[in-house]
Amino acid sequence: MSIDQDLESSWRRQPEAEENGSVLPASSSALPPSEELSAAPPSPAHPGSRYSPLLLDYDGSVLPFLGGLGRFHKRLVLLTWIPALFLSFSQFSDSFLLDQPDKWCKSNGSLAGHGRHLPADNDSSAHLGILLQQPAPMLPTTPAPSPGTVHPHNDSCKCHEWDYHIQAGLAQNVVSKWDLVCESSWKVHIAKFSLVVGLIFGYLITGCIADWVGRRLVLMISLIFNLVFGLSVALSVNVTMFSTLRFFEGFCLAGIFLCLYVLRIELCPPSHRFMITMAASFIGMAGQFLLPGIAALCRDWQILQAVIICPFILMLSYWYIFPESLRWLMATLQFETSKKQIIQIIHKNRVNPETDIKGVMPELEKELNRRPKRVCIVKVVGTRNLWKNIVVLCVNSLTGFGIHHCFAKSLMDPEVNMTIMHNFYVNYFAMAGIALASCLAMCPVVGFMGRRGGLLLFMILTALASLLQLGLLNLIGKYTLRPETGMSETVKNRFSIVFSIIGMFSSHAVGSLSVFFCAEITPTVIRGGGLGLVLASAGFGMLTAPIMELHNQKGYFLHHVIFACCTLICIICILLLPESKNQNLPENIPDGEHYTRQPLLPHKKGEQPLLLTNSELKDYSGLHDSMALGDSISENTTVNGIKST
């Protein structure tokens with residue numbers, strides 16, 4: 001849908017209602033049904049109305065009046081892209097700061113063990129990349145002893161002073177500085193664990209605060225504290241201090257990422273939202289590819305930590321050049337502040353005020369004295385459809401990012417004869433390449449099939465790869481024990497590699513698309529909280545990786561089986577979601593509540609609906625409004641609000 005088509009479309013969001021099967025436009029549930037279904041232009045707000053529908057039709061009326069994606073909005077979108085590079089540096093840094101090095105004992109100069117092949121040196125996956133839209137590269141994992149214990153016959157751990165060789169481009173990192181090997185190796189997993197937990201809490205808390213006080217204020221507060229805690233990490237004196245500060249750094253990174261993601265979504269017209277979001281993902285992946293070079297130049301982990309944090313200083317200027325989200329201001333009825341910002345945008349976009357054919361400014365003048373009304377995410381509990389959509393996407397993101405580690409571990413399994421994959425850089429860039437290929441594939445798939453269709457396709461691929469890897473490989477393994485069958489271990493290993501790559505490719509797309517989908521179908525007034533829930537669910541999925549490594553990979557097979565079952569459940573649940581492609585963003589909870597799914601099969605002409613409409617479901621008794629509803633619903637309106645042809 002083009003900007004010109006948005007300008008000519010009805011202010012009542014009627015086309016979107018027809019495409020998504022909704023019955024009611026973006027209006028108050030307190031309005032009588034006859035007014036809700038009317039397609040006539042709005043009359044001036046009266047004392048009984050909660051807000052002006054024209055002002056809340058942001059994509060259909062306000063944004064075209066401001067010049068659409070004009071010069072001012074393009075500059076703001078660019079400002080949301082640049083920090084994606086800095087965020088990528090921080091969230092992929094664990095691959096370098098906590099990489100397990102090769103080691104040997106200094107006492108006699110003999111090689112005591114190679115860090116990537118000794119049981120004591122359990123290296124974990126760098127699991128923090130999503131949250132920036134793509135899972136981080138997963139590093140090789142090998143069996144490790146239980147935390148805090150030393151095998152009595154393991155002579156390689158009977159050493160008091162070590163020499164290290166770090167393959168990740170650094171001369172010294174956290175592991176080598178504080179000798180986090182053998183009986184202290186469990187502290188490495190705790191350090192990785194702390195950053196993920198900080199991200200989870202950050203998404204949950206900053207998302208709710210951003211809905212209450214605004215995106216801009218939360219962005220700046222998170223930015224300032226990220227500079228404080230991030231630079232303090234470089235000054236850590238022990239691993240306990242390092243882990244604690246990394247928790248708070250993760251908390252602040254979550255606030256920065258979430259606010260930028262929401263601002264980016266709320267700036268764009270419907271036809272540009274997905275590609276602008278994907279552009280930010282590609283910039284983040286560019287940071288992932290550049291980070292090994294930066295680490296090789298820094299050589300020391302403290303210098304690397306300072307280098308990846310210092311660029312955030314440039315974002316302090318955002319307080320002066322980046323305004324609050326106008327969409328959020330109008331959705332929360334802050335019309336006086338909105339008027340000032342609209343005037344500034346009109347001036348910067350060089351828009352002629354006389355083009356206000358729908359009367360946005362006159363309507364805004366009438367509402368200046370209205371009190372702001374902010375909403376918390378807990379309000380979603382009382383809805384009928386909205387909470388289900390958010391829960392479905394939470395389960396999808398949890399499954400996508402959780403099962404990603406299962407495929408990565410299978411690809412890096414020492415039993416699979418791929419010695420080259422145990423090289424740090426080959427491993428790192430292979431994982432980054434799979435993530436890049438996944439994002440590239442998402443663009444045409446989502447453009448052709450829509451959000452719901454693309455999510456369903458990638459989830460089906462994930463389920464197939466998982467089930468085949470669990471079932472088919474087990475069957476092939478039995479035949480390899482019989483020489484007469486001609487099956488060899490090499491055949492099994494090749495199948496495992498293929499299924500792992502396909503699974504990582506599709507599971508990455510599932511997680512990223514679930515996050516974007518949630519940002520589109522969650523109303524503006526609670527978009528921060530809803531997006532925070534889905535991102536936190538993704539964090540819980542990734543949290544299973546360090547937890548399993550901390551427990552010596554016990555229960556890995558059960559872990560994979562559970563997530564494989566979840567993929568089957570998700571395939572069914574995805575069908576319950578609405579399609580948001582080229583649709584206006586819902587602004588308030590009633591608007592999001594009526595953002596329902598399309599029926600799988602269109603209704604035939606003259607077919608009598610067998611289900612009650614959403615309007616009829618408001619009154620369970622059906623006694624008071626039955627006559628009114630019968631008079632107000634047009635003859636060509638069927639169940640879910642679809643007009644018959």
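The values are calculated or read from the model by the stated rules, or taken from the named source; none is laboratory data. The structure presented is a predicted model; accordingly, all values stated were derived computationally and were not measured. Counting neighbours? That spans all protein chains shown, and the Cβs are built from the backbone with ideal geometry, glycine included. Accessible surface is based on the protein model in full, side chains and every heavy atom, while ligands, DNA and RNA are left aside. Shrake-Rupley method; radii C 1.70, N 1.55, O 1.52, S 1.80 Å.
Details
- Per residue, the accessible area of the range 280-430 comes to 46 Å², computed with a 1.4 Å probe over protein heavy atoms only.
- A straight line joining the Cα centroids of the range 508-528 and the range 301-317 runs 29 Å.
- Order by protection proxy (mean Cβ within 10 Å, highest first), peptides 217-224, 310-317, 68-75: 217-224, 68-75, 310-317
- Each residue of the range 573-590 was assigned a 3J(HN,Hα) from its phi angle through the Karplus curve 6.51 cos²θ - 1.76 cosθ + 1.60 (θ = phi - 60°); the sequence is 5, 4, 5, 7, 7, x, 9, 10, 5, 6, 9, 5, 5, x, 9, 10, 5, x Hz, with glycine and proline shown as x.
- Protein heavy-atom surface of the range 507-549, 1.4 angstrom probe: 89% of the accessible area is carbon and sulfur, with nucleic acids and ligands not counted.
- In sequence order, the range 194-209 has phi-based couplings of 5, 5, 5, 5, x, 5, 4, 5, x, 5, 5, 7, 5, x, 5, 5 Hz under the Karplus curve 6.51 cos²θ - 1.76 cosθ + 1.60, θ = phi - 60°, and Gly or Pro positions carry x.
- A crude spin-label estimate for the pair Phe557 and Leu472, with each label 7 Å from Cα along the Cβ direction, gives 2.0 nm.
- Neighbour net charge for Ile265 - beta-carbon separation under 11 angstrom, K R +1, D E -1: +3
- Solvent-free Debye calculation, one equal scatterer per alpha-carbon of the range 253-332: log10 I(q)/I(0) at 0.18, 0.20, 0.21, 0.22 Å⁻¹ equals -0.94, -1.07, -1.12, -1.17.
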